[in-house]
Amino acid sequence: MQWIKDQVAAGTPAPALLHSMRDVGWSDALARSALELAGMDVPADLVAPLPAASALPEPDLENEPCNIDAGDRQVQVLMSMERPRIVVFGNLLSGEECDAIIAAARPRMARSLTVATQSGGEEVNDDRTSNGMFFQRGENDIVHRVEERIARLVNWPMENGEGLQVLHYGPGAEYKPHHDYFAPNEPGTPTILKRGGQRVGTLVIYLNEPEGGGGTIFPEVQLQVMPRRGNAVFFSYARPDPSTRTLHGGAPVRSGEKWIATKWLREREFN
Ligand code: PD2
Ligand code: ZN
């Protein structure tokens, strides 16, 4: 901020300042706020406006602040943060349900792929050293039951969810910090968005407990959620933009193994 204030005081024009800030990784939205905070008028056409905000999945903490009736199960609210929007849930799945999901997923595990941002297809990525698989939505009884429970929990249509993804991390495996939304300016994004629009929320469910490491980290707010079997961390993002502060990752598993199931929620029906 001091550097920005000095530049503003020295009369550096807004376009040059913005250019330097972009070069070192500032997002347009954050650069605009910082420049305005430093007293500069940032012309409207200089910085692209933020992408439009979407409606969001959200648990009804007004009416159920501590325990949420998710239809067939009472789910505990363990932590709630506003910005970024993060809620940690306890008791979302029983131990038996966690074991059943692992058992159904285990024979189908393969090296995890991430979305190829250039083409919209999928590719192996060194930032994600886990193995994974996707269930089809409603593929079997337990998957269907969990999907209905999630829909009730965060008040979002089951049809807007991607198929449940199961990930397995061995010792040393991690998922480096990333955003779950699709970057608007990548060439592959329009293809991806045809199926259900943007991702607007993520629910990571812990299926077991690693002996050491393996927390879900939110580096911009120095938060780490510990993996406890049956618990889950939910976060939402109204626009595909870093100003949502939803950068997150899976910390390296130090010992033991880690199993999670992730449900990504889209703006619209995902088919
Ligand atoms: O394994 C995790 O904790 C983790 C971290 C970041 C999972 C995901 N992202 C994800 O599935 O998107
Ligand atoms: Zn993620």
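The values are calculated or read from the model by the stated rules, or taken from the named source; none is laboratory data. All figures in this text were calculated on a predicted structure; none of them were measured in a lab. Reconstructed Cβ throughout: ideal geometry from the backbone, glycine too, with neighbour counts over all protein chains shown. Note: accessible area is taken over every heavy atom of the protein model, side chains too, but ligands, DNA and RNA are not part of it. Shrake-Rupley method; radii C 1.70, N 1.55, O 1.52, S 1.80 Å.
Details
- Alpha carbon convex hull of the chain, volume per residue in cubic angstrom: 141 Å³
- Heavy-atom accessible surface of the chain: percent carbon and sulfur, 1.4 Å: 50 percent
- Probe 1.4 Å, protein heavy atoms only - accessible area per residue of the range 1-91 in square angstrom: 59 Å²
- Interchain or long-range residues, amide H under 5 Å from GLU257's placed H: GLU211
- Considering the range 219-271 at the alpha-carbon level, its Rg and Dmax are found to be 13.6, 39 Å.
- Here's how it looks for ARG73: its modeled amide H is under 5 Å from none belonging to a residue 5 or more places away or on a different chain.
- Among 117-125, 261-269, sorting by the average number of other beta carbon atoms lying within 10 angstrom of each residue, highest first, gives 261-269, 117-125.
- For the range 182-198, backbone phi angles converted through the Karplus equation (6.51, -1.76, 1.60; θ = phi - 60°) give residue-by-residue couplings of 8, 4, x, 8, 6, x, x, 5, x, 5, 5, 6, 4, 9, x, x, 5 Hz, Gly and Pro being listed as x.
- Straight-line reach from LYS176: taking Cα to Cα under 16 Å and skipping same-chain neighbours fewer than 8 places apart, the aspartates and glutamates in range are GLU123, ASP126, ASP127, GLU220.
- log₁₀ of I(q)/I(0) at q = 0.16 Å⁻¹ - the range 61-152, Debye sum with one point per alpha carbon: -0.91
- Remark: the VAL221-LEU46 segment gains 60.1 nm on full extension, using 0.36 nm per residue and subtracting the alpha carbon distance.
- Compactness index (Cα Rg / 2.2 N^0.38 Å), the range 1-139: 1.61
- At the listed q of 0.23, 0.27 Å⁻¹, the Debye profile of the range 118-182, built from one uniform point per Cα, gives log10 I(q)/I(0) equal to -1.08, -1.15.
- Euclidean distance between Cα centres, the range 1-49 to the range 248-271, Å: 35 Å
- Listed values for the range 66-77 are Karplus-derived 3J(HN,Hα) couplings in whole Hz (6.51 cos²θ - 1.76 cosθ + 1.60, θ = phi - 60°), namely 10, 10, 10, 7, 9, x, 9, 7, 8, 9, 8, 9, and x replaces Gly and Pro.
- Qualifying lysines (Cα of each under 26 Å from Cα of LYS194; at least 8 residues distant if same chain): LYS263
- All aspartates and glutamates inside 17 Å of LYS5 as judged from Cα atoms, apart from same-chain residues fewer than 8 positions distant: GLU36, ASP41
- Relative packing of 211-217, 141-147, which averages over residues the other C-beta atoms within 10 Å, highest first: 211-217, 141-147
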